[in-house]
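> I'd like to ask you about the structure that follows.
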Amino acid sequence: MNSRVLIVAEHDGTKLNPSTAKCVTCARALPQPEIVIAVLAADGGNVSTQAAALQGVTRVLRVDQPGNAHALAATWAPQVVALAQGYTHVLGPSTTFGKDLMPRVAALLGAPQVSDLMAVEGAQKFRRPAYAGNAILTVEAPAGSPVVATVRVASFEAAATGGSAPIESVNLKVELPAHTRFVSIAAGSTDRPDLQTATRVISGGRALGSAENFKLLYNLADKLGAAVGASRAAVDAGYAPNDLQVGQTGKIIAPELYIAIGISGAIQHLTGIKDARTIVAINKDAEAPIFEVADFGLVGDLFTILPELEKLIG
Amino acid sequence: MSKILVGIKRVVDFNVRVRVKPDGSGVVTEGVKMSINPFDEIALEEALRIKEKGLAQEVVVASIGPADTQQQLRTALAMGADRAILVQADSLVQPLAAARAILALVKREQPMLVILGKQAIDDDNNQTGQMLAALWGRPQATFASRVELKEGKAQVTREVDAGLETIEVDLPAVITTDLRLNEPRYVKLPEIMKAKKKPLDTLPFAELNTEAAPQLRVLRTDPPAQRQRGVIVKDVPELVAALKKKGLL
Ligand SMILES: Cc1cc2nc3c(=O)[nH]c(=O)nc-3n(C[C@H](O)[C@H](O)[C@H](O)COP(=O)(O)OP(=O)(O)OC[C@H]3O[C@@H](n4cnc5c(N)ncnc54)[C@H](O)[C@@H]3O)c2cc1C
Ligand SMILES: Nc1ncnc2c1ncn2[C@@H]1O[C@H](COP(=O)(O)O)[C@@H](O)[C@H]1O
């Protein structure tokens, strides 16, 4: 049977988030997929063009609507549900955007949701992590309702561009709720490489000791063109903004190179970096659990190691 | 009377190193320490603070789970909840079923606010609050790191990938908690004694008369691929050389 897949695009109004291209790759693993991307926006012109360029996409549905200027789940969900009629699969990324929206869609469709889909094993059969990644479940979605899933973006490569799918404007007759309103957004660290897509990431933990010291990491990161991440302890202590948190309850990342500095390696942190190609750990405690997963470990004081590293790399 | 309903899930304690059973039928839970889901402790703490500010009169905690969940509900009562409801279910309830059950409680209790955790750290689903809000037809404010109530509305700051987003929702609404919303209080011994006298009602799941929810079938549980322990280098030059050799620098 053909899979008819609807993917809800994540974007900021002008740029398509790379998470969407990863959802496309996930969708392509389904049996005989016909892949449609839904772009909900106030003015989805640019984003639709970017979505249409993803290889493997059959069609882009553009839903322009002033109320879609911000991705409010309560506003978007009924529209996604209206679009979803006739689809076998409805996918969104497992980013805060998709995690917020997709369960609302699933509930309205009366379907269970597959969270953090990491591998497709059949039209209804998938693998997903649980227990902070300590168990991998193989689950089967029931027949009778569409499969709703969030796609674990670290598990899939981004689909290539170069395609040119047709873009169709859609007018939806859906009543939108007025009970939820956008107020503001305080962007975290927009001037730096994006943590979720960077090929190199340098993370700091509690050992950095202050926001001032945490900046040492930025110098090194700049030299490497790396994104900066943090442990929960570093975020809780106010050394780094919340959007830098890596781990079970932060971001799940898969860079080529991950350098953990002054991070002990709690399971909740390790969940976020399992798919990193190479892990480097710098810690003064030779017994720190981070060394159990590190490809290269260096035991010592970060405050002497960091300047030396910077010098040798620069 | 303004009431806050808080969801409490009994889960394997976050300090336990979870092991998969060799036959792939699940994870080992026999003899393992069970606790309140950490995000739900934060949810309860927030509800208590709202009540202490005089913005709510009653905090009700509810759980859908096995009879043993009474332990976690007693802890919640000791933390300061006024009343507990245990919906007894012997098989595992997935988020859609949990959301439908909590909705049934919402219909009975008529809370002005429902606070849940953003995710249960056993199944890591991160769904129930959003599903409840959808079924209830009410706003959701997920991943909250700050909540402010005023005049029938809540301003909620949310931890999102791009930074911190603030939204305003009309009440009643569903809020789900992120880690930095607050630091839950410690329970003191006298409170544990007092909690024994607080009401804890138990009712069977069937009594809620919810529609049976379609579920995911778990076919198999496997351990994750293990990373190999690598090498310890002796100094920075050796580290840099090793990374260069792998083409990483
Ligand atoms: C529900 C829940 C969810 C969680 N989610 C996450 C999550 O998403 N991400 C996350 O990271 N954590 C998460 N945690 C927290 C996690 O359990 C740990 O507490 C946290 O990761 C510890 O951070 P850390 O390694 O920076 O601090 P610590 O554990 O305190 O480690 C600091 C390390 O620095 C080393 N050190 C100290 N000084 C120096 C020095 N001068 N030079 C070199 N090394 C030094 C120490 O040896 C130590 O190993 C979660 C916890 C819970 C309960
Ligand atoms: N069985 C349950 N009983 C009570 N609350 C629950 C239950 N399942 C989920 N919840 C609530 O929903 C939140 C999110 O759970 P989940 O969607 O399973 O990750 C939890 O933190 C709880 O607050």
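> Go ahead and set up a Gaussian network model of chain A, Cα springs under 10 Å, then flag whichever of A:160, A:187, A:69 fluctuates most.
The residue that fluctuates most here is A:187.
> With unit charges on the beta carbons (Lys and Arg positive, Asp and Glu negative) and the dipole taken about the Cα centre of chain B, which residue among B:228, B:32, B:20 sits farthest to the positive side?
B:228
> Could you tell me how far the Cα centroid of the stretch B:1-18 sits from the Cα centroid of the stretch A:37-108, in Å?
Spelled out, the Cα-based centre of one part sits 32 Å from the other.
> What number in nm² do you get for the stretch B:52-97 if you take the convex hull of its Cα atoms and divide its surface by four?
Projected area, direction-averaged: 3.9 nm².
> Once you've got the Cα coordinates, tell me which of A:215/A:284; A:215/A:274; A:274/B:246; B:118/B:188; A:215/A:311; B:51/B:150 are over 22 Å apart.
Checking Cα-Cα distances, A:215/A:274; B:118/B:188 exceed 22 Å.
> Determine which aspartates and glutamates satisfy two conditions relative to residue B:21: a Cα distance under 18 Å, and not lying fewer than 8 residues away in the same chain.
Candidates past the 8-residue exclusion: B:13, B:30, B:122, B:123, B:222.
> Using a simple charge model, +1 on the beta-carbon of Lys and Arg, -1 on the beta-carbon of Asp and Glu, nothing else, what dipole does the protein assembly as shown show about its Cα centre, in debye to the nearest 20?
Approximately 480 debye in magnitude.
> Of B:111, B:126, B:91, which is farthest towards the positive pole of the stretch B:91-139's charge dipole, taken about the Cα centre with +1 and -1 on the beta-carbons of Lys, Arg and Asp, Glu respectively?
Value: B:111.
> How long are the semi-axes of the equivalent ellipsoid of the stretch B:2-76, defined as square roots of 5 times the Cα gyration tensor eigenvalues? Whole Å, largest first.
The three semi-axes for the stretch B:2-76 are 31, 11, 9 Å.
> OK, next. Which value in nm describes the separation of the simple spin-label points at residue A:311 and residue A:145, placed 7 Å from the Cα toward the beta carbon?
So the two model labels end up 6.2 nm from each other.
> Restricting attention to the alpha-carbon atoms of the protein assembly as shown, what are Rg (one decimal) and Dmax (integer), both in Å?
Answer for the protein assembly as shown, Rg first and Dmax second: 23.4, 69 Å.
> Could you tell me which of B:189, B:240, B:169 has its Cα farthest along the dipole of the stretch B:164-249 towards the positive end, charges placed at Cβ (Lys, Arg +1; Asp, Glu -1), taken about the Cα centre?
B:240
> Mind checking the stretch B:40-134 for trypsin sites (Lys or Arg not before Pro) that DSSP puts in a loop (not H, G, I, E or B) and that have at most 11 other Cβ atoms within 10 Å?
Here the sparse-neighbourhood loop sites are B:53.
> If you don't mind, another one. As a test, work out the antiparallel percent of DSSP beta bridges whose residues both lie in the protein assembly as shown, rounded to the nearest 5.
Roughly 35 percent of the beta bridges in the protein assembly as shown run antiparallel, per DSSP.
> Then there is this: Please give the contour-minus-distance gain from residue A:222 to residue A:286: 0.36 nm per residue of separation, less the Cα-Cα distance, rounded to one decimal in nm.
20.2 nm
> Where the eigenvalues come from the Cα gyration tensor of the stretch A:1-105, what are the semi-axes √(5λ) of the equivalent ellipsoid, largest first, in whole Å?
Listed largest to smallest, the semi-axes of the stretch A:1-105 are 20, 15, 12 Å.
> Looking at the stretch A:42-156 only, what percent of DSSP beta bridges run antiparallel? Nearest 5 please.
The antiparallel proportion sits near 50 percent.
> How high is the relative contact order of chain B, in percent, counting Cα pairs under 8 Å that sit 6 or more residues apart?
Relative contact order comes out at 23 percent.
> Using Cα springs under 10 Å in a Gaussian network model of chain B, which residue among B:225, B:213, B:134 shows the largest mean-square fluctuation?
Fluctuation is largest for B:225.
> A follow-up question, please. How many angstrom lie between the C-alpha centres of the stretch B:96-148 and the stretch B:181-246?
Their Cα centres are 19 Å away from one another.
> Continuing with this model, one more query. Let's see if you can work this out: charge +1 on each Lys and Arg Cβ, -1 on each Asp and Glu Cβ, no other charges. What is the dipole magnitude of the stretch B:1-143 about its Cα centre, in debye to the nearest 20?
300 debye
> For B:116-127, what's the mean count of beta carbons from other chains sitting within 10 Å of each residue's beta carbon?
6
> Let me ask something additional. Given only helices, namely DSSP H runs of n ≥ 4 each adding -39500 (n - 2.57), what is the per-residue ellipticity at 222 nm of the protein assembly as shown, to the nearest 500 deg cm²/dmol?
It lands at -7500 deg cm²/dmol.
> Work out Dmax and Rg for the stretch B:48-149 from the C-alpha atoms and quote the Rg first, both in angstrom.
Taking only Cα atoms of the stretch B:48-149, I get Rg and Dmax of 13.6, 38 Å.
> Which longest uninterrupted range of chain B lacks any GluC sites (Glu not before Pro) assigned by DSSP to a loop state (not H, G, I, E or B) and surrounded by at most 12 other Cβ atoms within 10 Å?
B:31-150
> Could you tell me the largest-minus-smallest coordinate of the C-alpha atoms of the stretch A:48-176 on each of the three principal axes, in descending order and whole angstroms?
Answer, in whole Å and largest first: 42, 36, 27 Å.
> May I pose another question? Just for chain B, what percent of DSSP beta bridges are antiparallel, to the closest 5?
Within chain B, antiparallel bridges account for around 40 percent of the total.
> In peptide A:155-166, how many Cβ atoms from other protein chains are near each Cβ within 10 Å, on average?
0
> How many Å³ per residue does the convex hull of the Cα positions in chain B occupy?
About 193 Å³ per residue, rounded to a whole number.
> Can you pull out the GluC sites (Glu not before Pro) in the stretch A:121-223 that DSSP calls coil and that have at most 15 other Cβ atoms within 10 Å?
Those that pass, being in a loop and sparsely packed, are A:121, A:157, A:175.
Throughout, read-outs are computed from the coordinates displayed, never taken from laboratory work. Treat the numbers as computed from the prediction; the structure is a model and nothing was measured. Backbone-built Cβ (ideal geometry, glycine too); neighbour counts: all protein chains shown.
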